[in-house]
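First up is the structure itself, then whatever we jot down about it.
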Amino acid sequence: MSDAVSWQKESFSVAYLAAWASRAGAKILNAALCSVDDEAVDVTLARGGQKVDVQLKCTHKERLIDKGLHHSHPLDNRAYNLLRQPDRALVAYLALVTVPKDVEEWINSDDEGILLKGSGFYVCMEGMPDPTGKEHTVVRIPVGQRIDSAALDLMFKRSRDRVLYGIYGTAP
């Protein structure tokens, strides 16, 4: 049994999102693997002229709150503020990928294919309230907002609507 280090978690979360992006017909324009993400963005996704920014987090410690309705994940206030800025050019999302503790369990393969063992969840950071903690703010990520093709469709729709109609409401 081996515990993962941060770069392994980051690499897995990018691979997880890339798999879903590929299925949804989206491209990853950048992946800030093991580099400085000055703007708190790990990945920018693009499809059909629309783009969205994603900050990825990966953990083996599920922190469920609100009777299991939300994942709870601390985000440093610098990143939190960068992602929630109302004047951002692109809509920003926080994505949380949960994995087994043992890195050896993350990926399996057989003659039929490859299996990634993890679950991804997301929340739109646009319109989030001011930070609540001195150094970190706990972000609530709905368990019903799973990363999949339909979720990426909603993200790109929000991006398009924001450009076309100036919509800045509550989002998935």
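The values are calculated or read from the model by the stated rules, or taken from the named source; none is laboratory data. Just so we're clear, the structure is a prediction, and the values are computed from it rather than from any experiment. When we count neighbours, we look across all protein chains shown, and the Cβ atoms used for this are built from the backbone with ideal geometry, even at glycine.
For the structure I just gave you, tell me whether SER119 is without any contact (Cβ under 8 Å) to a residue 40 or more places away in the chain, surrounded by 13 or more Cβ atoms within 10 Å (Cβ to Cβ) and farther than 22 Å from ARG47 by Cα.
Considered against the rule, which asks whether it is without any contact (Cβ under 8 Å) to a residue 40 or more places away in the chain, surrounded by 13 or more Cβ atoms within 10 Å (Cβ to Cβ) and farther than 22 Å from ARG47 by Cα, SER119 comes out as yes.
Give the residues of the stretch 103-116 that are in a strand (DSSP E or B) and loosely packed, with under 13 Cβ neighbours inside 10 Å, sorted by residue number.
Of all residues in the stretch 103-116, those in a strand (DSSP E or B) come to 107-110, 113-116.
Scanning the stretch 103-116 gives ASN108, SER109, ASP110, GLY113, ILE114, LEU115.
When ILE141 is evaluated against the numbered criteria (1) of a type in the set (Val, Ile, Thr); (2) over 25 Å from GLY25 (Cα atoms); (3) in contact (Cβ under 8 Å) with a residue 40 or more places away in the chain, which criterion, by number, is the only one it fails?
Of the numbered conditions (1) of a type in the set (Val, Ile, Thr); (2) over 25 Å from GLY25 (Cα atoms); (3) in contact (Cβ under 8 Å) with a residue 40 or more places away in the chain, the odd one out for ILE141 is (2).
Residue-by-condition table, conditions (1) at pLDDT 95 or above; (2) exposed (fewer than 13 other Cβ atoms within 10 Å of the Cβ):
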| site | (1), (2) |
| --- | --- |
| ARG63 | no, no |
| LYS67 | no, yes |
| SER72 | yes, no |
| ALA79 | yes, no |
| LEU83 | yes, no |
| ASP87 | no, yes |
| VAL91 | no, no |
| LEU94 | yes, no |
| THR98 | yes, no |
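Tell me, which residue of the stretch 138-159 that is of a type in the set (Val, Ile, Thr) and within 14 Å of the chain's Cα centre (by Cα) is farthest from ARG88 (Cα to Cα)? Break it down stepwise before answering.
So the first thing to find is which residues in the stretch 138-159 are of a type in the set (Val, Ile, Thr), and the list is 138-139, 141, 143, 147.
Next, from what is left, pick out any that are within 14 Å of the chain's Cα centre (by Cα): 139, 141, 143, 147.
Values: VAL139: 19, ILE141: 21, VAL143: 26, ILE147: 22 Å.
Per the criteria, the residue is VAL143.
List the pairs whose first member sits in the stretch 13-30 and is without any contact (Cβ under 8 Å) to a residue 40 or more places away in the chain, whose second member is crowded, with 16+ Cβ neighbours inside 10 Å and in a helix (DSSP H, G or I), and whose Cβ atoms are under 8 Å apart, counting only residues at least 6 apart or on separate chains?
LYS27/ALA21; ILE28/VAL14; ILE28/LEU17; ILE28/ALA18; ILE28/ALA21
Just to be sure, is GLY120 of a type in the set (Gly, Ala, Ser) and in a loop (DSSP other than H, G, I, E, B)?
So GLY120 fails the test.
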